[in-house]
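Structure first, then comments.
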Amino acid sequence: MFPNPGQQAAQRAAQRGAEQSARQAAQDGMRAAQLGARRGPARPGRGGGLLSFLLLVAVVVLVARDPELRASVLQFVHHVVNVVQNRADGS
């Protein structure tokens, strides 16, 4: 009837790992977008579109299942949007 402390610790560790993975994926996406903006438009037919789409789907599914992770990711997205808006206003 009492929660298993080992199981709770494992769940917290898994959740932290999922949050870190989602943040890393978002950061990698931002870096890729910045590099793409510097290099110009992507050339079609290189397979990057499918990989990006699958990565996006995986992150969305992960975020949709975990309310705390969803809140964390939304906060990160709002922060990124604010940074981009501030840079656009400053230019």
Query raised in the report: Are any of the residues in the range 60-69 out of contact with any Phe, Trp or Tyr (no Cβ under 6 Å at 6 or more places or on another chain), at pLDDT 80 or above and open to solvent by less than 60 Å² (accessible area, probe 1.4 Å)?
Result: yes
Requested in this report: Working only within the range 53-91, note down all residues that are in contact (Cβ under 8 Å) with a residue 12 or more places away in the chain and more than 24 Å from A14 (Cα to Cα).
Outcome: V80
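If I filter the range 1-30 down to residues being at pLDDT 70 or above and surrounded by fewer than 10 Cβ atoms within 10 Å (Cβ to Cβ), which single residue comes out as farthest from V84 (Cα to Cα)?
Going through the range 1-30, the residues at pLDDT 70 or above turn out to be 4-30.
Now narrow it down to the ones that are surrounded by fewer than 10 Cβ atoms within 10 Å (Cβ to Cβ): 4-7.
Working: N4: 44, P5: 42, G6: 42, Q7: 40 Å.
Here the residue is N4.
The values are calculated or read from the model by the stated rules, or taken from the named source; none is laboratory data. Since we're looking at a predicted model, the values are computed, not measured. Here Cβ is always computed from backbone atoms with ideal geometry, including for glycine, and neighbour counts include all displayed protein chains. All accessible areas refer to the heavy atoms of the entire protein, side chains included, with ligands and DNA or RNA removed. Shrake-Rupley method; radii C 1.70, N 1.55, O 1.52, S 1.80 Å.
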